[in-house]
Amino acid sequence: MTPLSQLLPGQYGKLASLNPERSVDQRLMALGLLPGMVLKLVRKAPLGDPLAIEFAGQVVSLRLTEAQNILIDVAADCPIQRPRPPA
Amino acid sequence: MSAAEPGRTVALVGNPNTGKSTLFNALTGLRQRVGNYPGVTVARKSGQCDCGDGTKVELVDLPGLYSLSASSPDEQVVIDALSGHLADDRRPDAVVVVIDATNLLRNLFLASQLSELDLPVVLVLNQADVAAEQGVKIDADLLSRRLGGVPVVLTSAWKGEGIAAVRRAIGEALRTRVRMPAVEWPPLVEEALADVAAGVAADIGRAPGRADVERLLFDSTTSVGQRLGWDAPRREAVIRAARDKVRRAGYNPLAAEPLIHYERLRRLLEGVVQGGGNRTGGSAAVDRVLLHRVFGPIVFAGIMLGMFAAVFWLAKFPMEWISGGVDWLKSVVAPTLAGLPMVQSLVTDGMIGGVGAFLAFLPQILILFLFVGILEDSGYMARAAFIMDRLFSWCGLNGKSFVPLLSGFACAIPGLLSTRTIEDPKARLATAFAVPFMSCSARFPVYALMCAAFIGPLYGPGWESVVMVGMHCVGLLFAVPTAFVLTRFVLKVKPQPFVLELPRYQMPKPRDVLWRMWQNAAEFVSRAGTVIFAITIIVWALSYFPRDPAVEQRIRAASPGAATEVVDAQVQSAYVEQSWMGRFGKAVQPIFDPCGFDWKITVGVLASFPAREVIVSTLGVTYSVGEGAEADSKHLQQVMRDAKWTEGPRIGTPIFSLAAILALMVFFALCSQCGPTVATLAQETGGWKWAAISFFYMTALAWLMAVAVYQGVSRLA
């Protein structure tokens, strides 16, 4: 599992977990982002923060600090994968 | 307001970016009233809507929101309005929910929550034309049947399609009063809701509404308990037990509501919506350019530069026409009142001048809101905030603070009005607080006079430019730490997460944009305008009275041979000196003495509290150059260069030393010398508290920094 803040632009995967105690996550749930749903990191802002994510046919922006605790299962078939660190 | 009127009220609600305002404008035909909800800075827009059969209802446009779990004042207003908890508003008789037809699932979440309010509902699936273009087929009849016969109307408010059907549907809903079926909660959740309801009823002695009970159970923070008068200690135990029940049903209590609603909606929409693949396709392509790492900021800078240039330069032409018109009116009116000098001065300088003082702001407001309207309605404003957010987030502001702050460099008034585009109340207030620090165009004449009279001749044009640029940065230098301290330590409001939808790009509808320009201008004139007018009259009176004719006779007798203009200027100067303003200026001069200001500058500073640019003409009067002196007046510049202290320890030395002129400029850069700004700040923050804090803070800061500059520079030089 990867924190949403560490996804690469273009990477997508299933939402593994979010924390309903946090107001950001409550907002996202109201927008229809629920566990198991596929979301994609579309891009980062020119200064690296905030992020633009796409889910359920909509694009939403949120800050890096707000994306840290949102965990994503990056899809195995996703063409963009973070290179594994050399063993 | 509406409580006094018989007749029925219908509320318009929906997610942001659904075309709700366009629909509202189409339904009411611009016969609207704009006001504010009491105590909060949320605009209340209402208008008359014909239900197609001649019956009329009052349609209220409520702020856009995604969910009923309130976290901002805007959202709180919607909940209070719909549940009938607003002081001046009746509970609406029906609700029209505007839904983006291209994203039915997410938009229906709000509608599904609203079904708990037990109000007749009309669902308007707007932007149906866009959905059709995307290949989305919607079976509105099937949706209506599954929702127990609630009217479902497909519209395109932009094209004006389906408006008549919405009118008929409102009439129908008011007649049949069909409710949308409520959610079927899992048994344990239902039990938990019943427990909370019983707990409330036992403690406050009356049964709460279903929607209130849900807010209490599902929201981590809610003001519902407070409003019901259910005190915290008892509340906690009941809610903790109820939430444990929800947990036993297999749900996290804070996530249960969206999970259950969305599950219901997914089943509801099976067979209703068909097709539709790449829903973000077109906008995604545009975003690849407009949000590109390199081109994005370039395009952004271009748009903002264009906007600033228009507010700064383009507005100058109509502003000159207005001031030309005001001068013309004065010249026409003045001779008719020649026999009554006091009335003449009151009418021309006080009243006509007072109206002119706030009319002069209209061109800038209209032009800025032309841009704001286009940027908002096209969907670019959210992108602009996305690009700029990083630069603002660290000091507690957000990406949407940029437009207000930038326009503050032209004029604080439109800047303050445009803080309404910021949803987060904390960031909105901090931005409004920072805007008056931006170096507006009214500070320019002060810098120009000082630079042209002193810096240029003494140090050369190079230093003149350095000082000019430097002065424009002084305000910014203090605004940023101010915003930081304000959001970090002073404002105890919980910050809102910066979750911002980047909506689909759309062509703005000219009528909506023009309407927004008009509404903002009209509200400014009716609210701030009266205050500005009153301030102008008061300051006029202070600098006119008392007017002892002996003063004039003495001066005219003392210099029989002198040219009339010279004598007139001396008379004026003498009158101002013995006016209340002049006496007050002399009395408080010791306070400004550490800044190096003599009594003449002090009077100028005091007279320019309503409008800082007045300092130039006031210095013209107090230095006996005559009224109407401008920054490029060679005569005024020469007189100021020659001015020497005539008493005190600095006797014989120039009043306008380098230290004094730098101190004066810094004072003007920081001081809150603008009646319209204070009045608008009060209008936009919902009371005089923050306007007063801003006024005293800026003025104290200006004095401190002027003292620091004067004392520092005079010791160095």
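The values are calculated or read from the model by the stated rules, or taken from the named source; none is laboratory data. These figures come from a predicted structure and were not determined experimentally. Positions of Cβ are generated from backbone atoms using ideal geometry, with glycine treated the same way; all protein chains shown enter the neighbour counts. Heads up: the accessible areas ignore ligands, DNA and RNA and are worked out on the full protein's heavy atoms, side chains in. Shrake-Rupley method; radii C 1.70, N 1.55, O 1.52, S 1.80 Å.
Do you know which of the residues in region B:274-323 that are within 14 Å of chain A (Cβ to nearest Cβ), outside any helix (DSSP H, G or I) and open to solvent by 50 Å² or more (accessible area, probe 1.4 Å) is nearest to B:LYS137 (Cα to Cα)?
Filtering first and then ranking leaves B:GLY275.
Take region B:582-622 and flag every residue that is under 19 Å from B:SER672 (Cα atoms), among the small types (Gly, Ala, Ser) and not in a helix (DSSP H, G or I).
Once the filter is applied, which keeps residues that are under 19 Å from B:SER672 (Cα atoms), among the small types (Gly, Ala, Ser) and not in a helix (DSSP H, G or I), region B:582-622 yields B:SER608, B:ALA611.
Run B:GLY408 past the list (1) at pLDDT 85 or above; (2) closer than 20 Å to B:MET507 by Cα and report the number of the one that doesn't hold.
(2)
Which residues, taken from region B:237-270, are closer than 26 Å to B:ASP203 by Cα and among the charged types (D, E, K, R)?
The answer is B:ARG240, B:ARG243, B:ASP244, B:LYS245, B:ARG247, B:ARG248, B:GLU257.
Sort out which residues of region B:207-221 are in contact with a helix residue (DSSP H, G or I) (Cβ under 6 Å, 6 or more places away or on another chain) and open to solvent by 50 Å² or more (accessible area, probe 1.4 Å), and write them in order of number.
Of everything in region B:207-221, those that are in contact with a helix residue (DSSP H, G or I) (Cβ under 6 Å, 6 or more places away or on another chain) and open to solvent by 50 Å² or more (accessible area, probe 1.4 Å) turn out to be B:ALA207, B:ARG210.
For region B:247-257, what are the residues that are open to solvent by less than 10 Å² (accessible area, probe 1.4 Å) and at the interface with chain A (Cβ under 7 Å from one of its Cβ atoms)?
B:ALA255
Regarding region B:576-591, can at least one residue be identified that is modelled with pLDDT under 80, of a type in the set (D, E, K, R) and not assigned by TED's automatic domain parsing to the domain that holds B:LEU30?
Taking every residue of region B:576-591 in turn, none turns out to be modelled with pLDDT under 80, of a type in the set (D, E, K, R) and not assigned by TED's automatic domain parsing to the domain that holds B:LEU30.
Rundown of residues vs (1) without any contact (Cβ under 8 Å) to a residue 60 or more places away in the chain; (2) among the basic types (Lys, Arg), yes/no style:
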{"position": "B:ARG227", "(1), (2)": "no, yes"}
{"position": "B:ASP231", "(1), (2)": "yes, no"}
{"position": "B:ARG234", "(1), (2)": "yes, yes"}
{"position": "B:VAL238", "(1), (2)": "yes, no"}
{"position": "B:ALA241", "(1), (2)": "yes, no"}
{"position": "B:ASP244", "(1), (2)": "yes, no"}
{"position": "B:ARG248", "(1), (2)": "no, yes"}
{"position": "B:GLU257", "(1), (2)": "no, no"}
{"position": "B:GLU263", "(1), (2)": "yes, no"}
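Out of all the residues in region B:361-380, is one or more within 14 Å of another protein chain (Cβ to nearest Cβ) and buried (at least 18 other Cβ atoms within 10 Å of the Cβ)?
Within region B:361-380, one or more residues are within 14 Å of another protein chain (Cβ to nearest Cβ) and buried (at least 18 other Cβ atoms within 10 Å of the Cβ).
Answer yes or no as to whether B:ILE455 is at pLDDT below 90, open to solvent by less than 10 Å² (accessible area, probe 1.4 Å) and closer than 24 Å to B:LYS689 by Cβ.
No, not satisfied.
Within region B:124-139, can you find the residues that are free of Cβ contacts under 8 Å to residues at least 40 places away in the same chain and open to solvent by less than 30 Å² (accessible area, probe 1.4 Å)?
B:LEU125, B:ALA128
List pairs: first residue in region B:312-327 and at pLDDT 85 or above, second residue open to solvent by 50 Å² or more (accessible area, probe 1.4 Å) anywhere in the structure, Cβ distance under 7 angstrom, at least six positions apart or on different chains.
B:ILE322/B:LEU359
Looking only at helices (runs of 4 or more DSSP H) that fall completely inside region B:343-414, which ones have 1 or more residues that are more than 27 Å from B:PHE317 (Cβ to Cβ) and of a type in the set (Ser, Thr, Tyr)?
So the answer is B:380-393.
Looking at (1) touching a Phe, Trp or Tyr at 6+ places or on another chain (Cβ under 7 Å); (2) open to solvent by 20 Å² or more (accessible area, probe 1.4 Å), find the lone condition where B:ALA165 falls short.
Every condition holds for B:ALA165 apart from (1).
Can you say whether B:TYR262 is open to solvent by 30 Å² or more (accessible area, probe 1.4 Å) and either on the phi < 0 side of the Ramachandran plot or at pLDDT 95 or above (or both), as far as the supplied structure shows?
no
If B:LEU417 satisfies every condition in (1) farther than 19 Å from B:PRO481 by Cα; (2) in a helix (DSSP H, G or I); (3) open to solvent by 10 Å² or more (accessible area, probe 1.4 Å) but one, which is the exception?
Looking at each condition in turn, B:LEU417 falls short on (3).
Take the conditions outside any helix (DSSP H, G or I) and on the phi > 0 side of the Ramachandran plot and apply them to B:GLY47. Does it pass?
No; evaluated as a whole, the condition is false for this residue.
For the subset of region B:483-537 comprising residues that are of a type in the set (Phe, Trp, Tyr) and within 14 Å of another protein chain (Cβ to nearest Cβ), which member is most open to solvent (accessible area, probe 1.4 Å)?
The qualifying residue most open to solvent (accessible area, probe 1.4 Å) is B:TYR505.
What's the total number of residues in region B:240-273 that are under 14 Å from B:ALA111 (Cα atoms) and part of a loop (DSSP other than H, G, I, E, B)?
0
Please give the strands (runs of 3 or more DSSP E) falling wholly within region A:5-78 in which 2 or more residues are more than 10 Å from the chain's Cα centre (by Cα) and within 7 Å of chain B (Cβ to nearest Cβ).
A:58-62
Yes/no per residue for (1) part of a helix (DSSP H, G or I); (2) out of contact with any strand residue (DSSP E or B) (no Cβ under 7 Å at 6 or more places or on another chain); (3) under 25 Å from B:GLY686 (Cα atoms):
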residue: B:TYR505; (1), (2), (3): no, yes, no
residue: B:ARG511; (1), (2), (3): yes, yes, no
residue: B:GLN519; (1), (2), (3): yes, no, yes
residue: B:GLY529; (1), (2), (3): yes, yes, yes
residue: B:PHE533; (1), (2), (3): yes, yes, yes
residue: B:ILE537; (1), (2), (3): yes, yes, yes
residue: B:GLU552; (1), (2), (3): yes, yes, no
residue: B:ILE555; (1), (2), (3): yes, yes, no
residue: B:GLN570; (1), (2), (3): yes, yes, no
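Those residues that are of a type in the set (D, E, K, R) and either in the same structural domain as B:THR102 (by TED's automatic domain parsing) or touching a helix residue (DSSP H, G or I) at 6+ places or on another chain (Cβ under 9 Å) (or both), I need them from region B:289-325; list them, please.
Hit for region B:289-325 is B:LYS316, nothing else.
Given the condition crowded, with 16+ Cβ neighbours inside 10 Å and either within 17 Å of the chain's Cα centre (by Cα) or at negative phi (or both), answer yes or no: does some residue in region B:336-344 qualify?
yes
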